[in-house]
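Novice: Provided herewith is a single structure, encoded as structure tokens, for subsequent inquiry.
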Amino acid sequence: MDRKHVEDWLATYERLWRTPGTDALVTLFTEDASYQQGPYWTPVVGLPAIARMWEKQRKGPDEVFQLTTEIVAVEGDTAVSRQEVRYGDPVDQEYRDLWVMRFADDGRCRSFEEWPFWPGQQPAEPSDGS
């Protein structure tokens with residue numbers, strides 16, 4: 001796995017999110033892939049289940065959004081990227097996200113894990129020790 005492959009995979013992910021239907025997801029994910037939408041969420045497993053989740057999660061292929069990506073690391077079969085997504089024009093929703101992707105030998109993703117963050121999310125107040 002190299003950065004170029006991850007760049008291409010990320011570009012294809014965005015293109016397919018903007019494309020009607022889900023038939024082409026087979027080019028991104030293995031048949032038995034897992035897709036976890038948050039660090040403590042139950043993974044969606046298998047290409048048919050991922051396709052149903054995609055259709056449910058997106059407003060449609062004409063959804064207005066801007067996506068910027070930055071590859072943070074690539075090592076072995078694993079890559080991490082940082083995304084910023086802004087929905088609407090004008091922007092009415094945004095979030096930042098970390099993606100952890102593990103790839104199969106054929107270059108498709110076999111494990112996808114998101115760590116999404118929205119504006120206003122704050123860590124817990126530290127204890128003052130009293």
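Novice: Do you know which residues across region 6-37 are loosely packed, with under 14 Cβ neighbours inside 10 Å and in a strand (DSSP E or B)?
Specialist: Hits for region 6-37 are GLU31, ASP32.
Novice: Right, another one. Can you name the residue in region 73-86 that is among the aliphatic types (A, V, I, L, M) and surrounded by 15 or more Cβ atoms within 10 Å (Cβ to Cβ) and, of all such residues, is farthest from the chain's Cα centre (by Cα)?
Specialist: VAL74
Novice: Return the residues of region 58-67 that are surrounded by fewer than 17 Cβ atoms within 10 Å (Cβ to Cβ) and more than 12 Å from the chain's Cα centre (by Cα); say none if nothing qualifies.
Specialist: Listed by number, the residues that qualify are ARG58, LYS59, GLY60, PRO61, ASP62, GLU63, VAL64, GLN66.
Novice: In addition: Please find, among ASP62, ASP106, the residue that is acidic (Asp, Glu) and modelled with pLDDT of 95 or more.
Specialist: Of the residues listed, the single one that is acidic (Asp, Glu) and modelled with pLDDT of 95 or more is ASP106.
Novice: Continuing with the same structure: Looking at region 49-87, which of its residues are part of a strand (DSSP E or B) and β-branched (Val, Ile, Thr)?
Specialist: Of region 49-87, the ones part of a strand (DSSP E or B) are 65-75, 78-87.
If the condition is that a residue be part of a strand (DSSP E or B) and β-branched (Val, Ile, Thr), then THR68, THR69, ILE71, VAL72, VAL74, THR78, VAL80, VAL85 are the ones that fit.
Novice: Tell me, yes or no, whether region 88-95 has at least one residue that is among the small types (Gly, Ala, Ser) and in a strand (DSSP E or B).
Specialist: Yes, region 88-95 contains at least one residue that is among the small types (Gly, Ala, Ser) and in a strand (DSSP E or B).
Novice: Can I ask one more? Scan region 38-48 and give yes if some residue there is in a strand (DSSP E or B) and surrounded by 17 or more Cβ atoms within 10 Å (Cβ to Cβ), otherwise no.
Specialist: Step one: list which residues in region 38-48 are in a strand (DSSP E or B), which gives 44-45.
Restricting the remaining residues to those that are surrounded by 17 or more Cβ atoms within 10 Å (Cβ to Cβ) gives 44.
Yes, region 38-48 contains a residue that is in a strand (DSSP E or B) and surrounded by 17 or more Cβ atoms within 10 Å (Cβ to Cβ).
Novice: Same structure, new question: Scan (1) over 15 Å from the mean Cα position of the chain (by Cα); (2) within 19 Å of ALA11 (Cα to Cα); (3) at pLDDT below 90 for the single condition ASP128 breaks and write down its number.
Specialist: (2)
Novice: Residue check: is LEU98 under 23 Å from ASP2 (Cβ atoms) and assigned to a strand (DSSP E or B)? So that I can check it myself, show each step before the final result.
Specialist: Working: under 23 Å from ASP2 (Cβ atoms): yes; assigned to a strand (DSSP E or B): yes.
So LEU98 passes the test.
Novice: A further question on this structure: Determine which single condition GLU70 fails, assuming it passes every other condition in (1) within 18 Å of PHE117 (Cβ to Cβ); (2) modelled with pLDDT under 95; (3) surrounded by fewer than 13 Cβ atoms within 10 Å (Cβ to Cβ).
Specialist: (2)
The values are calculated or read from the model by the stated rules, or taken from the named source; none is laboratory data. Predicted model, so just to flag it, every value in this text is computed and none were measured. Neighbour counts are summed over all protein chains in view; Cβ atoms, including those assigned to glycine, are modelled from backbone coordinates with ideal geometry.
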